[in-house]
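The values are calculated or read from the model by the stated rules, or taken from the named source; none is laboratory data. This is a predicted model, so every value here is computed, not measured. Neighbour counts run over all protein chains shown; Cβ positions are idealised from the backbone, glycine included. Side chains are part of the model used for accessible areas, which takes the heavy atoms of the whole protein and leaves out ligands, DNA and RNA. Shrake-Rupley method; radii C 1.70, N 1.55, O 1.52, S 1.80 Å.
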Amino acid sequence: MNAFVKPGPWTRGADVDPGLLLRVQERSANPLLAIVDVSVSFDGFKALTDLTMVLDDGELRCVIGPNGAGKTTLMDVITGKTLPDRGCVFFLDEKRDLIRSAEHEIAQRGIGRKFQRPTVFSNHTVRENLDLALKCDKGLVHSLFGRQTALERARIGEILETIGLQDCEQVEAGTLSHGQKQWLEIGMLLAQDPKVLLVDEPVAGMTHQEVERTAELLRSLAGRHTVVVVEHDMDFVRSIAQDTVTVLHEGKILAEGSLDAVKSDPRVIEVYLGE
Amino acid sequence: MGNLRRLHSPKGWLLLAGAATVFLGLVPLLNAVLPASSPLHASSYFLLLLGKFACYAMVALAVDLVWGYTGILSLGHGVFFALGGYAIGMNLMLEIGDRGVYRSALPDFMVFLDWKELPWFWHGFDSFGFALAMAIVVPGVLAWVFGYLAFRSRIRGVYFSIITQALSYALMLLFFRNETGLGGNNGLTDFKAIYGYPLQAESTKLALYVLSFAALFATYLACRFVVKSKLGAVLRAVRDVEGKARFTGYDTLKFKLFAWVMSAAICGLAGALYVPQVGIINPSELQPANSIEMVIWVAVGGRGTLGGAALGAFIINGAKSWFTVWAPEVWLFFLGGLFVAVTLFLPNGLVSIGERLRLRVKGKAP
């Protein structure tokens, strides 16, 4: 497991090379986050190879691919959990490499992540979970002496309603059902108000109804946030894909484009859809 | 005041006020006002016992803060306690002046070792204020350095516990050496006075007792303030899922260090109050077993409850005092048995008894 832990010391991130910037701007008119030439290997196994991906501001991107394609590794690199061998990740407005920053700093700079298994703080109440996630000064002093403003309280109330948990805000999160936990985690992401929302298999283990509500929510989030949904459930992807779909295979991008274009790509059919 | 109101329910405040009345009001009164012949007289021995327990309870609060709330199991808190004790002990040694056996301005053990002057690190300790500050600062700084290195390398769980245990053992060996300049295996003892007040005087003993309990209550409120704040919620988040806390935007290293250093500083203060009362500090305080016992107080009392941890310190040390008088050979068996029984039947500690009984009455017991 140690190989996955990013070693310190962390830096504020080097400025991005202007050449890279140009390359990114050529690819997209309205880019927000760029992942450029990222390679990751674990003990010789290449999890990602020279992967380049540009996310547009406000888009809903679906990343699909069979198991082992490198979807989760990609998320790990973006959120700072895994240090890649090469490559860089940066926000276009910052032009500063994220790769060597600590996880908490990356989170504060605007990347939120929802894990595959619902990860909430189970001994905290639903409200406490949201309080913790809420975008605010997350330093020591403010945490010890700061009080929540009325505005922040109202925001939490709003989120509680969005995720349908307004009746159990004082309930310990550990006692929630699986689907409710997934929703709480999405709520925590909303509270964090990130520029980019990474969502790893959001509907795993959800009932049909919950899946529909989740799809609806994710679609409504796009526009205000850039949403990246990693999924291997093709039906779900069909139900939410409205912008670009990226197909990963063996650590590389196999195809990228609209859902229809990707679906009719013979290579994609061969490795993925044809199964 | 709004913040204070959040710390406790009215019932909780009442309970706390009750405890403060008994220990800070009633007991001192029974000691100072009633004649020694009265059956209700609180003897200075009784005061000493309670005063010691109050220091232990402070340690228990400190352990609970890092273990119960932050998930860091330390098997080396005896180190911070002993360092605080040594710091104040150095002041008490210098306070003896030339009233020692050898009639020298140097502490007796230095004369015995044929040293001609104070080692460099003894300078400043003739000031009581400086020594008291060092009793808190030295454990705090050691904890910061040790914690920074360990937490930054993401050493967690049992590995961290083992290192703290090793730290305790290493320091014990260091303090056993005469060359270290802290009295070797005899430690620091034969104190005469503290801040000019003779330690044998009844009034000094009473004052130390009162100070210990005042410090205990202050520590309790400070810890309570921390764990009830959002910072406390972050600490619990770090304990439960540290990775998630990081991805939520918290620099968990800083939060762990805060709890860890605060905990060490509390232990240092407790040690500083403890040593003048018992009259000695020596390397046996650094025995790894002592640190483990501190953890048992918390486990038995109830971890993650503060009040339970403090209660555990009182109960176990009370039992220890009783056993060492009446049946010393049984003590360790009793302690082990109690620990096993609590772990098996009351995983949330003795403070959860009430809750368990209530559930049982309602027929909801597991």
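Out of (1) surrounded by 23 or more Cβ atoms within 10 Å (Cβ to Cβ); (2) more than 28 Å from A:K46 (Cβ to Cβ); (3) away from every other protein chain (no Cβ under 14 Å), the odd one out for A:L190 is which?
That leaves (3) as the condition not met.
Has segment B:285-295 got any residue that is touching an Asp or Glu at 6+ places or on another chain (Cβ under 8 Å) and more than 30 Å from B:I96 (Cβ to Cβ)?
no
Any residue at all in segment B:144-164 that's open to solvent by less than 20 Å² (accessible area, probe 1.4 Å), within 12 Å of chain A (Cβ to nearest Cβ) and in contact with a Lys or Arg (Cβ under 9 Å, 6 or more places away or on another chain)?
Looking through segment B:144-164, at least one residue is open to solvent by less than 20 Å² (accessible area, probe 1.4 Å), within 12 Å of chain A (Cβ to nearest Cβ) and in contact with a Lys or Arg (Cβ under 9 Å, 6 or more places away or on another chain).
Residue check: is A:D50 touching a residue at least 12 places away in the same chain (Cβ under 8 Å), in a strand (DSSP E or B) and charged (D, E, K, R)?
The answer is yes for A:D50.
Mind telling me which of the residues B:L311, B:L359, B:L346 ends up being within 16 Å of the chain's Cα centre (by Cα) and surrounded by 12 or more Cβ atoms within 10 Å (Cβ to Cβ)?
B:L311
Select, from B:F160, B:F191, B:F146, the only residue that is within 14 Å of B:Y86 (Cα to Cα) and either modelled with pLDDT under 95 or not β-branched (V, I, T) (or both).
Just a single option satisfies the conditions, and that option is B:F191.
Only one of B:F80, B:F23 is touching a Leu at 6+ places or on another chain (Cβ under 8 Å), open to solvent by 30 Å² or more (accessible area, probe 1.4 Å) and in contact (Cβ under 8 Å) with a residue 40 or more places away in the chain; which?
So the residue among B:F80, B:F23 that is touching a Leu at 6+ places or on another chain (Cβ under 8 Å), open to solvent by 30 Å² or more (accessible area, probe 1.4 Å) and in contact (Cβ under 8 Å) with a residue 40 or more places away in the chain is B:F23.
Please determine whether any residue of segment A:67-75 is closer than 30 Å to B:V234 by Cβ and of a type in the set (S, T, N, Q).
yes
What are the residues in segment A:88-134 that are under 24 Å from A:Q25 (Cα atoms), in a loop (DSSP other than H, G, I, E, B) and basic (K, R), if any?
A:K95, A:R100
Looking at (1) buried (at least 16 other Cβ atoms within 10 Å of the Cβ); (2) facing chain B (nearest Cβ under 10 Å); (3) aliphatic (A, V, I, L, M), which is the only condition A:L92 fails?
(2)
Of the numbered conditions (1) charged (D, E, K, R); (2) free of Cβ contacts under 8 Å to residues at least 12 places away in the same chain; (3) within 14 Å of another protein chain (Cβ to nearest Cβ), A:E158 satisfies every one except a single condition; which is it?
(3)
Residue-by-condition table, conditions (1) within 11 Å of chain B (Cβ to nearest Cβ); (2) surrounded by 16 or more Cβ atoms within 10 Å (Cβ to Cβ); (3) at pLDDT 95 or above:
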position	(1), (2), (3)
A:M75	yes, yes, no
A:E105	yes, yes, no
A:Q116	no, no, no
A:V126	no, yes, yes
A:R147	yes, no, no
A:A154	no, no, yes
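Condition check: more than 14 Å from chain A (Cβ to nearest Cβ), farther than 27 Å from B:L199 by Cβ, crowded, with 22+ Cβ neighbours inside 10 Å and not hydroxyl-bearing (S, T, Y). Does B:L231 satisfy that?
So B:L231 does not fit the description; no.
Report whether or not A:G179 is away from every other protein chain (no Cβ under 11 Å), over 25 Å from B:G232 (Cα atoms), in a helix (DSSP H, G or I) and under 19 Å from the mean Cα position of the chain (by Cα).
yes
Restricting attention to segment B:193-216, does a residue exist that is within 14 Å of chain A (Cβ to nearest Cβ) and either among the charged types (D, E, K, R) or open to solvent by 20 Å² or more (accessible area, probe 1.4 Å) (or both)?
No, that holds for no residue.
Let's see how each residue does on (1) part of a helix (DSSP H, G or I); (2) surrounded by 11 or more Cβ atoms within 10 Å (Cβ to Cβ); (3) not aromatic (F, W, Y):
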{"position": "B:A19", "(1), (2), (3)": "yes, yes, yes"}
{"position": "B:P28", "(1), (2), (3)": "yes, yes, yes"}
{"position": "B:S38", "(1), (2), (3)": "no, no, yes"}
{"position": "B:A42", "(1), (2), (3)": "no, yes, yes"}
{"position": "B:Y45", "(1), (2), (3)": "yes, no, no"}
{"position": "B:V59", "(1), (2), (3)": "yes, yes, yes"}
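Return the only residue of B:G51, B:G85, B:G124 being outside any helix (DSSP H, G or I), open to solvent by less than 50 Å² (accessible area, probe 1.4 Å) and within 30 Å of B:Q200 (Cα to Cα).
B:G124
Scan (1) small (G, A, S); (2) more than 24 Å from the chain's Cα centre (by Cα); (3) modelled with pLDDT of 95 or more for the single condition B:S38 breaks and write down its number.
Of (1) small (G, A, S); (2) more than 24 Å from the chain's Cα centre (by Cα); (3) modelled with pLDDT of 95 or more, only one is false for B:S38: (3).
Starting from residues that are free of Cβ contacts under 8 Å to residues at least 60 places away in the same chain and within 26 Å of B:E242 (Cα to Cα), keep the ones in segment B:127-153 and report whichever is farthest from the chain's Cα centre (by Cα).
Among residues in segment B:127-153 that are free of Cβ contacts under 8 Å to residues at least 60 places away in the same chain and within 26 Å of B:E242 (Cα to Cα), the one farthest from the chain's Cα centre (by Cα) is B:S153.
Which ones in segment B:217-228 are more than 9 Å from every other protein chain (Cβ to nearest Cβ) and open to solvent by 20 Å² or more (accessible area, probe 1.4 Å)?
The answer is B:F217, B:A218, B:Y220, B:L221, B:A222, B:R224, B:K228.
Only one of (1) touching a Pro at 6+ places or on another chain (Cβ under 8 Å); (2) more than 14 Å from every other protein chain (Cβ to nearest Cβ); (3) small (G, A, S) fails for A:G112. Which number is that?
That leaves (2) as the condition not met.
Kindly indicate whether A:D167 is assigned to a helix (DSSP H, G or I) and more than 13 Å from chain B (Cβ to nearest Cβ).
Yes: the conditions hold for A:D167.
Determine if segment B:289-308 includes at least one residue that is open to solvent by less than 40 Å² (accessible area, probe 1.4 Å), polar (S, T, N, Q) and either within 21 Å of B:L65 (Cβ to Cβ) or in contact (Cβ under 8 Å) with a residue 24 or more places away in the chain (or both).
Within segment B:289-308, one or more residues are open to solvent by less than 40 Å² (accessible area, probe 1.4 Å), polar (S, T, N, Q) and either within 21 Å of B:L65 (Cβ to Cβ) or in contact (Cβ under 8 Å) with a residue 24 or more places away in the chain (or both).
Say we look at segment A:130-141 and pick out the residues that are touching a residue at least 24 places away in the same chain (Cβ under 8 Å) and at the interface with chain B (Cβ under 9 Å from one of its Cβ atoms); which of these is nearest to B:F255 (Cα to Cα)?
A:K138
Please go through (1) at the interface with another protein chain (Cβ under 10 Å from one of its Cβ atoms); (2) in contact with a helix residue (DSSP H, G or I) (Cβ under 7 Å, 6 or more places away or on another chain); (3) on the phi < 0 side of the Ramachandran plot for B:N282 and return the number of the only condition it doesn't satisfy.
Status for B:N282: all satisfied but (1).
With the checklist (1) within 15 Å of the chain's Cα centre (by Cα); (2) open to solvent by less than 10 Å² (accessible area, probe 1.4 Å); (3) farther than 25 Å from B:Y45 by Cα in hand, flag the one item B:I316 doesn't pass.
(3) is the only condition that B:I316 fails.
Considering each residue of segment B:251-267, count those that are more than 8 Å from chain A (Cβ to nearest Cβ) and over 21 Å from the mean Cα position of the chain (by Cα), and give that number.
Residues flagged as more than 8 Å from chain A (Cβ to nearest Cβ) and over 21 Å from the mean Cα position of the chain (by Cα) within segment B:251-267 amount to 1.
What's the number of the condition B:T248 fails, among (1) surrounded by fewer than 17 Cβ atoms within 10 Å (Cβ to Cβ); (2) within 11 Å of chain A (Cβ to nearest Cβ)?
With respect to (1) surrounded by fewer than 17 Cβ atoms within 10 Å (Cβ to Cβ); (2) within 11 Å of chain A (Cβ to nearest Cβ), B:T248 is out only on (1).
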